[in-house]
Structures are given as structure tokens and as C-alpha cells.
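Here the structure comes first, spelled out in C-alpha cells, and everything after it is commentary.
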Number of protein chains: 2
Amino acid sequence: MNIKTLRVSPPYRELRDLAAGASTDDAALRESVAGILRDVADRGDAALLEYTARFDRFDAGDAAGLRIGADALARAAAEVDPALLDSLRRAAENVRAFHEKQREHGYLDVEADGSLLGQRVAPLRRVGIYVPGGRAAYPSSVLMNAIPASVAGVDEIAMVTPTPDGEVLPVVLAAAHVAGVTEVLRIGGAQAVGALAYGTESIGRVDKIVGPGNKWVAEAKRQVFGRVDIDMVAGPSEILVIADDAADPVHVAADMIGQAEHDPDAIAWLVTTSAALAEAVPAALEELLARNPRRDVARAALRDWGAIILVDDLEQAAEVADLRAPEHLELLVREPLALAGRIRNAGAIFLGANSPEPMGDYFAGPNHVLPTGGSARFASPLGVYDFVKRTSLIGLSAARLLRDAPHVIRLAESEGLFGHAEAVRVRTER
Amino acid sequence: MNIKTLRVSPPYRELRDLAAGASTDDAALRESVAGILRDVADRGDAALLEYTARFDRFDAGDAAGLRIGADALARAAAEVDPALLDSLRRAAENVRAFHEKQREHGYLDVEADGSLLGQRVAPLRRVGIYVPGGRAAYPSSVLMNAIPASVAGVDEIAMVTPTPDGEVLPVVLAAAHVAGVTEVLRIGGAQAVGALAYGTESIGRVDKIVGPGNKWVAEAKRQVFGRVDIDMVAGPSEILVIADDAADPVHVAADMIGQAEHDPDAIAWLVTTSAALAEAVPAALEELLARNPRRDVARAALRDWGAIILVDDLEQAAEVADLRAPEHLELLVREPLALAGRIRNAGAIFLGANSPEPMGDYFAGPNHVLPTGGSARFASPLGVYDFVKRTSLIGLSAARLLRDAPHVIRLAESEGLFGHAEAVRVRTER
């Protein structure tokens, strides 16, 4: 098995290089995406229909032909294998229950002098969810992106998904139905992002766009950011497994392959205190790869980006995890909760041998859209908090205005903002 | 007084054009900033010292010379006019008290079968706060950017501020002292953003950069976004005043000028149901401008971007506000709280005649860093929530794993992810 093994110690310089990744600036991509966005902004539905015919080989006829109605979603659900639909529904219930706990409430406090100070929390009005088409169409991704918006109380959840050659997977439509999507549009690529960001004659512009996509979609999201909100542009998926000598090498290997099979750029690291485990894992990887139909992808990812990293103790393992800030962190150790308390940076932490990452990907309830590329240092799983916005409320009493006016006038004048001071004076000095 | 007056009605097309703004893509700026960032990433302190000598005409000697120690901050506070320092301290107390209410708590629920599901909320470790130098150095901005980070529990709050010709305002250092800044660096521009994003030999890299800046700073923040988090890139400041026939035209005019004096691009709109008010405001603007030392700036802003907008009723006024999604919204009407309930999009809402916007800018407690350019549709005031990140915690019991395994295996296989299914199987089928 071709995978790097290395021993590290503080300050872990060798890992900084290993984790650096390649940052690419593709000017041709940027230009091409900017052109498509401009065209959709200028020509609306006509441009959208043309790009869809060209890139997806799908001729919708007219704008109405780009829409899949609510009845068609319900019908799609009826076409899906009932056992699979049942699993999807149960997954959706768990995801909804977990996200319900993220609902936030505003506050409006009445002070002793009658002043009101508060903060209102309100859902976004309309959001767009990008769902890749073809083979990368994952129903679980529909649930994970749409349900937090639905729990937040977003009025309109518009899902866009390309339908190459007119094909669309019933299970994806069924997931949209289960997740509370209010509108499905058969568009994809930069042109779909443009339609959501600018609106067209037939499609209302949204407040936020979320969901994974290829490099055109990612670049388009980057370019419309500011005009609408976006979620993070995701990098390759990652797992970091911390294991001690009690861990089963087969568990470790299976979890690394589960990550590596996503993509040749996926990243799977084992960090362990056990030399015996470090020695046993490559053989276990080999054995499991032999029966994985995606073995070529997984093998390439493990060879190029995988690592087995030996450390002296779990304290060092925690330091490595904090440095890497992985999307997924598994703790296959005797006392996972104690170790979790020592690690600050991770998107999701999986505690112990009974919590392999796919249980979280599909079913447990927490979101599987997680910060990648070290951004767990500052970013969070997708959640209800991503679909609300806050507004401050300030209602002062006459007494409070009079009491605080001298301070405000002094501060404003110290900054040279005479008009600010004057707006207070015209109320207190006349 | 040169200001547009117009009557509008649904669907308010004329306002869409008025609010469009100019989107600029400056390739030369982009290249120049990218070069500075690359240089700081490659050469660290040496590059930083050179750019600081060149752009700020400040020769720090060595990296240590770029630092202002904690003792110097305390000394600066002693140099400030005691009345001003007292006002700053009281403002800081109010801001702290308001933001304390934004603290969030995680949860960790133990389910009946012993499974743990939860979400941890943790502060970012280190953040950078950009404070413009020279005349644009606003102590209130130091408070508003640093205090939410301090309340969130951020370990290290590094403030960067250029000191042109070596000059630094004691009041800005005093504000840093009061706000809980842990480190002050005499650097600015794209080079300061680069130092915070990449780190240098003497400066640790941060997790997030916030604070206002000129176009070089804004472009640099845009370019490092992803590697570190950033706050929104702010556009020109805006106010929208909704007033009925009970409003005092002098209040309205003073509040519009308070906004307009910021910048020739600042935006001040009055939306009113009262033709009499619409007629009285221009004269009041003229009178107040005559005694404002920043009258040229304010006059240009009112001429180019100001508007007095007549509507039929407050329902239409609310619709205009939602369409514009203003940074600041003042409700100078008889029942401001009732009207606030009908408006969804605004950064901060000021309720009634006793709450002129500068009371919120400086003193009331809510943050003055607010979403501009219509982004109040989806963005929030700067808050404690901007300085924390969340981590999901998933610890399943053996019973839960066994119960849910068939669903997870089915879902994973339906997406073609055999390795995901296998990671569950190796735990349940052996």
C-alpha cells in the first residue's frame, strides 16, 4: 500500500507543508464565468435557455419548461424504492430534529427609563440551493442543504439542478419533496448561479446561494458574493482519525477509504500513538480496497494526500488536529470525550468506534456540510444560523436621550463628525 | 437645495435604478494587491518593514518597532482628555452589555440509548482588527470591532493601524485599551492584511480579519478570504428615514446630513407620506448645511445619492424599505414599533424621534458595523456570533449504530459510495 508514514513532533513543520494544498488562480475560468453571469443578468431567461441547451443538451422550449412542479416532486417520491424512501424520510426527521435546536430567538429589553434595546432574528426570504446533476446528484446533500433553511423559516427554497440530456433522478426530486424545497429548476453551472443572483423574468432573485458544485459553480458563487450571500466554497473532503492502541485497524482503514473514495484529491490522515496500529493499517487498507469498486479513486487519494502520522502521546495528536483543523475528526480512542475537549478546530467530531463518519454523513442529524481546507479554525457546519439575519432595534426614551447626549456629542466631535453631533443637538437644545 | 424628489408606487421600478450603484472591477488594483500579498507571504517582516517605510513614511527599524506595547496603550489613555475618556468608557460599557446578550451556548444531548449528539460553540483563537490611520481613525470603530471579539472570548485581538509619518492618535490607542485589544501593530494597507492572513516571523496569523479600510484593504480582504474569514466588504454608508406628518423636518434634515457628511458616496433617503414634510425638508437641509464644516461632502452626497420619496401610505414606505434594505433605518412616525414589525430588511432600526442614528453609532450599545448595499437582506450587524465557530459532536451507542446501520448502508449505496457503506459494515457484520 502506497501511503506516507512519518513521525512528527512539535512544532510539526513537516505537516504544514503536507497540508499546504494547491491554490489555483484560473484567469480563463474567471473570464468565462464572468461572461456567462453578465449574459444572464442582461438577457435573463433567453440566455438561460440557450446555455441549458448548449451545456446540458436539454431544450426546455420556454422558461416554463425549466420548472418541475410540486406535483412532479410528489410523483417522483412514489417512483422511488419504498425502502430507500423510508430511509430518506428517517434521515430527514433526524436532521430536522437536530437543527430545530439551532433556532435562535431575538430579544427586546425594556430598560428602567423606558428605552427599548433589542435584536430581531428573521429568516431570509428566498434562498437557492445548488444540487449537482448527473452522477454527482446526492439526495443526502439535498436534505442537508434544504432542511436548515426550512427549519429557519425561509419562505422560498429554490433548488437548481442541471438535467443533462433531460435526465433527472427521481430520488433527488423525492429528497427535495421530503426536505421542503418549494421550487425546482432544471438549470446548472454558472448560468444557474447567475439566474439566482440576478433573477430573470421567470425566476426571482434569492438572498443566499448554498450547495456544492464544480469549478464553474464555485467561481460563479465567488463572483456573485456580496450581491447575494453564499456558503463557503468547499475544498476536497477530509478526515483525520486519531487512534490509540485500542483501535481496530480495520475500522481505521475503512474510515480512511470512506473519505478517499470521494475524489482523488480527498484527504485521509491517521494520527496515532501506536506503532503497531501504524504498521497494521496499510494491510487493512489493501484488503478493503480490493473489494471497493471505487478503488482507483481511493488509491490515488491515499497515495497523493494520505498519511499515517506517529506521535508520542494524545496531547500531540490533539495539537496536530488543531493545526490541521479537519472537516471530519474521528476519535478512535479509549476516552473520546476527554480528548474532544482538548481539540478546538474541527467541523465535526465523531466520538468512539460506534460513530463512523458515514453515520453522520447520512443519518445521525448534524449537518454534513462542514468547513474544509483548515477553515474549521473559523467556520461552522451549515446550520439554521446560516439562513437567518439579525436587525438591531434602538428606541430611546426622552430621558435617555437627554442623559447621554453630551457623551455622544463629545465623541462625534472628537471624530470630526459635526453633523452627527448636530442630529443630537437639534433634539436636545431646542 | 439640490436633491431629487419623486413620487413612487408599486412595483417601484424607478427605485431599483436609483439603488443600483456602480460595481467596479479594477484589474490594476487587483494585480497590485496580489503582488503585495505574495511578497508579504514570501518575505514576511522584511517586506512589511519596506512597505511601511514606503507607503506610511514610517521607518520602524525592525519588527519590534512595529509593535506598540500594552504599557504604551495604558499611557495613551492617560493622555486623553478625561471627559472624552469617560465618554469612551461609558460607550464601551454599553456596547459590552448589549453584546453580552449575544453569547451563545452549545448543547450536548444524551439520548435514551446513550448516544450523544451536540454542538460546541467556541471562540476563534486569534483575530485581526483593521483600523484606518490618519484622519479616518475612529475610536468608536475600535470599540465596535473589538468588543464583540472580547465578549466572544477570543484569546488574541491584534489591531493593525497605519501610522503615517509615525503619528498615532492617543485616543485610538486609548480605545484599544478600553476595548480589550491585546496587541497593536503599526501597519496598514494590503501589507497589514497579508501579515494577518499569512503570518510573519514576528506576527502570528489570525483566523479572521474585520474592520473598515480603503480600497486596497478591501481588495486584500477579498483576496485572502477563504484562508481566513473576513467581515463583509462595506459599501458607502446609508440611511433611510421613514417619516409621517408628525415628524419634525429639522430632525429629518439633521439625520440625513449626519449620514451624508461621511462621504460623497453616502446615501440618505427620506420616504414620507407627507407632502408638507417633503416640501419643508430641503429648506431645513440648507439651513443645517450652512453651519456644517463638512458641508461640501454632505452637499455632494445629497445631490448625487440623496432622495425625497413620496408614497401613499406607510405600507408603501415599508415596501420601499424592504426593497432598499438600508444599513440604518429611522422610523420618525407615530407608531414606530408597529411599523418596524412590517419591515424585514434593515441593519438597525431606530424607533422614534428620540433615537437619532448617532445615538446608536456611538453609545446605545448595539453595533455600528452594519450591512450596506442592500446586504441587510441576508447579513447581520457585527456581533459576538461573528467571533465563534461551531463543531458538531456525534457519539453513537452500539445499539444506535446497529439500529441505523441498514438505513445508512442503503443510502450510501444508492449514491454509489461503497466505502461509506463498508465503514458501517465492518463494525456491524463482524
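Numerical summary
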| quantity | calculated |
| --- | --- |
| q = 0.14 Å⁻¹, region A:44-230: log10 I(q)/I(0) [Debye, one scatterer per Cα] | -0.76 |
| FRET E, pair A:Asp62, A:Arg291, Förster distance 35 Å, beta-carbon r, rounded to 0.05 | 0.10 |
| Peptide B:320-331 - average C-beta neighbours from other chains (10 Å radius) | 1 |
| Qualifying trypsin sites (Lys or Arg not before Pro) for region B:1-100 [loop in DSSP, other Cβ within 10 Å: at most 14] | B:Arg57 |
| Inter-label distance for B:Ala34 and B:Ser9, nm, one decimal - labels placed 7 Å from Cα along Cα-to-Cβ | 5.1 nm |
| Exposure of A:Glu335 as accessible area (Å², to 10), given a probe of 1.4 Å and all protein chains | 130 Å² |
| Sum of side-chain charges, A:Ala72 neighbourhood, beta-carbon under 13 Å (Lys, Arg +1; Asp, Glu -1) | 0 |
| Aspartates and glutamates with Cα under 12 Å of B:Lys208, excluding same-chain neighbours fewer than 8 positions away | B:Glu156, B:Asp229, B:Asp231, B:Asp386 |
| Filter on B:Lys4/B:Lys215; A:Lys215/B:Lys389; B:Lys101/B:Lys221; A:Lys389/B:Lys101; A:Lys101/B:Lys389 - keep pairs with C-alpha separation over 19 Å | B:Lys4/B:Lys215; A:Lys215/B:Lys389; B:Lys101/B:Lys221 |
| List A:Leu270, B:Leu85, B:Leu323, ordered by accessible area with a 1.4 Å probe, largest first | B:Leu323, B:Leu85, A:Leu270 |
| Centre separation in Å (Cα based) which lies between region A:243-316 and region B:106-173 | 37 Å |
| Under 5 Å, built H, 5+ apart or other chain: amide partners of A:Glu330 | A:Leu240, A:Val241, A:Ile242, A:Phe350 |
| GNM top mover of B:Pro11, B:Pro139, B:Pro336 - chain B, alpha-carbon springs below 10 Å | B:Pro11 |
| Relative contact order, percent, chain B [alpha-carbon distance under 8 Å, six or more residues apart] | 20 percent |
| Net charge of Cβ neighbours under 13 Å - reference A:Ala91; Lys, Arg +1; Asp, Glu -1 | -1 |
| Projected area, mean over directions - region B:37-144, Cα convex hull, nm² | 11.9 nm² |
| Shielding of A:107-119 by partner chains, average beta-carbon count, 10 Å | 4 |
| Debye log10 I(q)/I(0) at q = 0.12 Å⁻¹ for region B:120-248, Cα point scatterers | -0.46 |
| Accessible area, probe 1.4 Å, largest first, for residues A:Asp386, A:Asp245, A:Asp361 | A:Asp245, A:Asp386, A:Asp361 |
| Per residue, in Å², the accessible surface of region A:127-181 once ligands and nucleic acids are set aside, probe 1.4 Å | 25 Å² |
| Computed over region B:226-319: relative contact order in percent, which uses C-alpha pairs under 8 Å that are six or more apart | 33 percent |
| Computed helical MRE - 222 nm, chain B, DSSP H runs ≥ 4 contributing -39500 (n - 2.57), nearest 500 | -14000 deg cm²/dmol |
| 13 Å beta-carbon shell around A:Gly352, net charge (K/R +1, D/E -1) | -3 |
| 20 Å binning of all Cα-Cα separations within the protein assembly as shown, expressed as whole percents from 0 upward | 15, 45, 33, 7, 0 |
| Loop-located GluC sites (Glu not before Pro) in region A:144-218, at most 14 other Cβ atoms within 10 Å (DSSP) | A:Glu167, A:Glu201 |
| Percent of beta bridges antiparallel (DSSP, chain B, rounded to nearest 5) | 25 percent |
| Dmax and Rg, reported as Rg then Dmax, of chain A (C-alpha, Å) | 25.5, 86 |
| Solvent-accessible surface ranking, highest first, for B:Trp269, A:Trp305 at 1.4 angstrom | A:Trp305, B:Trp269 |
| Residues of region B:216-243 buried by at least 40 Å² on assembly (accessible area, 1.4 Å probe, chain alone as reference) | B:Phe225, B:Met232 |
| Contact order relative to length of region B:235-377, as percent, for alpha carbon pairs under 8 angstrom and 6 or more apart | 27 percent |
| Fraction of antiparallel bridges per DSSP, the protein assembly as shown only, in percent to nearest 5 | 25 percent |
| Peptide-level mean, for A:57-70, of C-beta atoms on other protein chains within 10 Å | 0 |
| Region B:263-395 - Rg (one decimal) and Dmax (whole number), Cα, Å | 17.3, 68 |
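The values are calculated or read from the model by the stated rules, or taken from the named source; none is laboratory data. In this text, all values refer to a predicted model and were calculated from it rather than measured experimentally. Positions of Cβ are generated from backbone atoms using ideal geometry, with glycine treated the same way; all protein chains shown enter the neighbour counts. Surface accessibility is based on the protein's heavy atoms, side chains included, excluding ligands, DNA and RNA. Shrake-Rupley method; radii C 1.70, N 1.55, O 1.52, S 1.80 Å.
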